[in-house]
Amino acid sequence: MAGLVLYLVTTGVTAQPYGLSILTSAMIFGLYAAGVDMSWGHGGILMLGSALFFGLGAYGMAYAITNDIEPLVAYPIVLACSVLLGLLIAYVGFRSRAAQIQFGLIGLAVALAFQRLAVSAYDLTGGSNGLTGVTGPSIAGVELTDTRAYYFFVLTVTSVIALGLWWIQRSAWGDAVRAIRDDRDRAESLGYPVNAIRYQVVAISAAVVTTAGALFPSVSGTAYPELFGIAFNMQALVWVAIGGGGTLFGPLLLAFGLTVSQSYLAGVSVDYYLLVIGVLFVVTVVAAPQGIGGLVRDAIRKVARR
């Protein structure tokens, strides 16, 4: 991972604006995948509607930038609203002791409701066209409108959050999360505050995905209703499933790599990109249910035991 960061720092100095935009988007989607992996891969909590938080972050920051609202004021408000909504969804699901798929569908239903709201509330959201003309933010007087400056800003944010997730997943709290994921009843019998920890997992996941969403409009120039949609929700799950749920860097790196490759393959043919994703998914499910990241992790452990 350190090698990738070093490569991105070096590339950021020499790459052209178009290449920097692609790499910036790739880092943002990698952060999105890491957030979903936190809830599903690490915590065993299936959130089919994780794009809800990405969309809220994107629309919130796009609205702030296009209306000259200080991002340092807007971001905490958007983050708090997104996390509270995630906790409310979790409360409904945990309270009713819904099964995994039922819990996931609750989140997906809310995400699709927000997609409909984004289309219909034209004066606030720009309707089906979304909020357009979004530039790089000015944070506390520091201008990030330049493509290269914003690239390094996103690289810094992504690196810090990824490092933070790595640290908490390997802490005693992270061990408790895995214990609950693997055997909830046993963890409860051992005295773990199961629901409290699961709420914390949802809150962290929602915060990470919302942050990724808040970074997105300044590189894409827009926030649009499809960010809440089924396709974008499922895309994150595919990243986690293929990359290796619970490995953190597996989904992050896969989302990064596929986003970069998409810019090339989509230029040749959109069908090729979809074919690559389909083949990867089928091969992973059949040959490596634990994902690519899981294979690498197991290989490292075998070497370490020798």
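Just rank THR24, THR210, THR145, fewest to most, by other beta-carbon atoms within 10 angstrom.
Numbers: THR24 27, THR210 30, THR145 12.
The fewest-first ordering by Cβ neighbours comes to THR145, THR24, THR210.
With a 10 Å Cβ neighbour count serving as the proxy for reagent exposure, in which order, fewest first, do MET47, MET234 appear? Can you show the working numbers first?
Working: MET47 32, MET234 13.
So the residues, fewest neighbours to most, are MET234, MET47.
Output the Cα-based Rg and Dmax of region 39-193 in Å, rounding Rg to one decimal and Dmax to a whole number.
Taking only Cα atoms of region 39-193, I get Rg and Dmax of 18.7, 54 Å.
I want to check the label-to-label distance for GLN16 and ILE139. Put each point 7 Å from Cα in the C-beta direction and report it in nm to one decimal.
Between GLN16 and ILE139, the simple spin-label model gives 2.8 nm.
For region 2-226, build the charge dipole from Cβ charges (+1 Lys, Arg; -1 Asp, Glu) around the Cα centre, then report which of GLN16, VAL5, ALA176 sits farthest towards its positive end.
ALA176
Run a plain Debye calculation on region 97-174 (Cα atoms as equal point scatterers, no solvent) and give log10 I(q)/I(0) at q = 0.14, 0.19 Å⁻¹, rounded to two decimals, same order as the q list.
Log10 I(q)/I(0), no solvent term: -0.91, -0.97.
Please arrange ARG148, ARG198, ARG95 by counting, for each residue, the other beta carbons lying within 10 Å of its beta carbon, fewest first.
Working: ARG148 15, ARG198 21, ARG95 9.
Going from least to most buried by this count: ARG95, ARG148, ARG198.
No lab work stands behind these numbers, since they all come straight from the coordinates. Since this is a predicted model, take the numbers as computed values, not measurements. Ideal geometry is used to build each Cβ from the backbone, glycine not excepted, and the neighbour counts take in all protein chains shown.
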